[in-house]
Every structure is written in structure tokens, then in C-alpha cells.
Amino acid sequence: MSETKPQKQGGLLGNLAFNIIIPVVIMSKLSGDEYLGPAWSIVAALIFPIGYGLWDLKKSGKFNAFSILGIVSVFLTGGISLLELPAEYIAIKEAAIPGIIGLAVLFTQRTSKPLLKVFVLNEQIVNWPNLSQSLENAGNTDVFEKKMANSSYIVAGSFFLSSALNYILAKVILVSPPGTTEYTEELGRMTALSYPVIVIPSMIMLMAALWYLFSQIKKLTGEELEKFLADV
């Protein structure tokens, strides 16, 4: 217990620092011609989330679609900005990533590996062997699958909400011509606002899905939830 918590806290702080705080500071404060300039400040800012993503992949020892998707998203942001393409491309890209994940949640719900188990009921939270056995003993395995489907709609909805908010945020903030200092500062402002404007509402919906499933687990098994929580 004493070793696990600092590790999780460090991971959260690392994500915030390398993916948001440092890039925002660079793009907001160093994009003037007297410092790095618009183009090089974008390059410098994107080095940190890309480097952190690659380091995290190497540390975990395995590739997963979401880490790769995050790195690809950062590369696309850099490419669109450096090529000085219209800001509309950034808005579309920002909306497309969570939108694709939301569709994937719905499409995988009827497969043997639904993404719901990745986002909400993963093995770090739930002891699946215990839960499956208890549901089978109570004769409620099929009922729980239907509850899982209901929860998948909530999770997919959180990504569709993120998609819409991403697009709106990009359209509202990115108003200056690409390649200018003002545009780079706006890109930094968009990155800074993405956490409270997009991540927090999406996390609230994910927590709602988790709460719903936990209440159903207790109802369908007739046992206390603690029995089905993974050991930490």
C-alpha cells in the first residue's frame, strides 16, 4: 500500500507536467520572436508529451492502442501547426480522437474484450474471477451483461461529450493566423483549458458509470462490494 500510492501520484503529476504544464508554459511564454519563435516553440512544446509517451510505453513494456493514439494525436497537432494549415484541421483532429474511442466502446461491447473493461471495470479495480463466479451462482450473468451494455452507453457518451467540447474549444480559441506568435499562444491556452473544460466533465461521466456498475454488482450478487475489489 505504501509503495503503490506514491507511484500513482507520480504518474498523475508526470502526466500533468509533461502533457499540459510544460507545453503550455513554452507555447505561452516562449513563442515570441525574441525567444524561440512560433514554430520552434511548438516543436519544443511537443517534445515533452511525445517523449513522456514513449518513455511510458517503454516503462510499461507493452504497446497499447490508447498510448499510441495519444502520441499520434500530438504528432498531428505538431504537423498541422508547423504546416500552417487552417485551425479547422486542429478542431477536426481534436474532435475525431475521442469520437473514435466512443464508437469503439459501442462496437466492442458485444465482443469478448469490451473497452468498458479497460475504462471502468479493469483488473486493477475488479477481481473478475470472484465476480464472475458470484454472478453465475446467483444466475445473474446475463442480467449483468445487460447492465454492462447500459454502462457502455454512459462511457461512450463521455467520449462523445469530449469530442464536442474539443471541437468547440478549438474553434473558439484558435482564431489567429497559423504560424504567428498569437496562434502559438492560443494553442497553449487551448491545451491549458482542455483539462478543466474537457477532462473533468468526462471524468464525472466515467465515475457515474462506475457507480452504476458497482450498485448493480451489489444488487445482482447479494454480497458486499469489497469482496470483488482487486487487491491493492
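Spatial offset of region 100-126 relative to region 200-215 amounts to 14 Å, using the alpha carbon center of each. Relative to its residue count, region 132-172 spans a Cα convex hull of 46 Å³ per residue. Here the simple spin-label model places points 7 Å from the Cα toward Cβ, and for VAL43 and ARG189 these points are separated by 2.6 nm.
ASN130 to LYS59: FRET efficiency via 1/(1 + (r/R0)^6), r the Cβ-Cβ distance, R0 45 Å, to the nearest 0.05? Provide the component values of the computation, followed by the final result.
On the way: r = 29 Å, r/R0 = 0.65.
Given R0 = 45 Å and the Cβ-Cβ separation, E is 0.95.
Note on LYS113: aspartates and glutamates with a C-alpha under 15 Å away, same-chain residues under 8 apart excluded, are GLU123, GLU145. For the chain, the longest principal axis of the Cα atoms and the long axis of helix 200-221 meet at an angle of about 10 degrees. Go through GLY37, GLY79, LEU116 and say which Cα lies farthest out towards the positive end of the charge dipole of the chain; charges sit on Cβ, +1 for Lys and Arg, -1 for Asp and Glu. Sorting the options by dipole projection puts first LEU116.
Just to be sure I follow the definition: excluding the sites themselves, where is the longest run in the chain that has none of the GluC sites (Glu not before Pro) in a DSSP loop with at most 12 other Cβ atoms within 10 Å?
Details: sites that count: GLU3, GLU34, GLU123, GLU224.
Of all site-free stretches, the longest is 124-223.
Below 8 Å between Cα atoms, with a sequence gap of 6+, how large is the relative contact order for region 158-200 in percent? Intermediate results must be reported in sequence, preceding the final value.
Values: 24 pairs, mean separation 17.8, N = 43.
Computed over region 158-200, the figure is 41 percent.
For region 144-149, putting each phi into the Karplus relation 6.51 cos²θ - 1.76 cosθ + 1.60 with θ = phi - 60° gives couplings of 5, 4, 5, 5, 4, 5 Hz, in residue order, rounded to whole numbers and with x for Gly and Pro.
Modelled label positions at THR108 and VAL143, each set 7 Å beyond Cα in the direction of Cβ, lie 2.8 nm from each other. To put it simply, the accessible area of the chain at a 1.4 Å probe is 65 percent carbon and sulfur.
Note on the chain: with charges restricted to the Cβ of Lys and Arg (+1) and Asp and Glu (-1), its dipole about the Cα centre is near 520 debye.
Among the chymotrypsin sites (Phe, Trp or Tyr not before Pro) found in region 41-123, those both in a DSSP coil and sparsely packed, with 10 or fewer other Cβ atoms within 10 Å of their Cβ, are PHE63.
Both radii were evaluated on the Cα set of region 66-146; the Rg over Rh quotient, with Rh as the Kirkwood radius, amounts to 1.21.
For the chain, taking the reciprocal of the average inverse distance between every pair of different Cα atoms yields a Kirkwood hydrodynamic radius of 19.6 Å.
Think of it as helices only: each DSSP H run of n ≥ 4 in the chain is worth -39500 (n - 2.57), and spread over all residues that comes to -24000 deg cm²/dmol at 222 nm.
Using a Förster radius of 25 Å, what is the FRET efficiency between GLU182 and LEU82 based on their Cβ-Cβ separation? Nearest 0.05, please. Could you put the intermediate results ahead of the total?
On the way: r = 16 Å, r/R0 = 0.64.
Efficiency at R0 = 25 Å is approximately 0.95.
Mind checking the per residue accessible area of region 62-189 for me, 1.4 Å probe, whole number of Å²? Working shown, then result.
Working: 6740 Å² over 128 residues.
I get 53 Å² per residue for this part.
Take every Cα pair under 8 Å whose residues are at least 6 apart in sequence, average their separation, divide by the length of the chain, and the relative contact order is 27 percent. Check which residues have an amide H placed less than 5 Å from VAL126's amide H, if you skip close sequence neighbours. Distant-sequence amide H within range of VAL126: ALA230.
The values are calculated or read from the model by the stated rules, or taken from the named source; none is laboratory data. Everything numeric in this text was worked out from a predicted model, so none of it was measured. Virtual Cβ from ideal backbone geometry, glycine too; neighbours counted across all protein chains shown. Heavy atoms of the whole protein, side chains included, go into the accessibility calculation; ligands, DNA and RNA do not. Shrake-Rupley method; radii C 1.70, N 1.55, O 1.52, S 1.80 Å.
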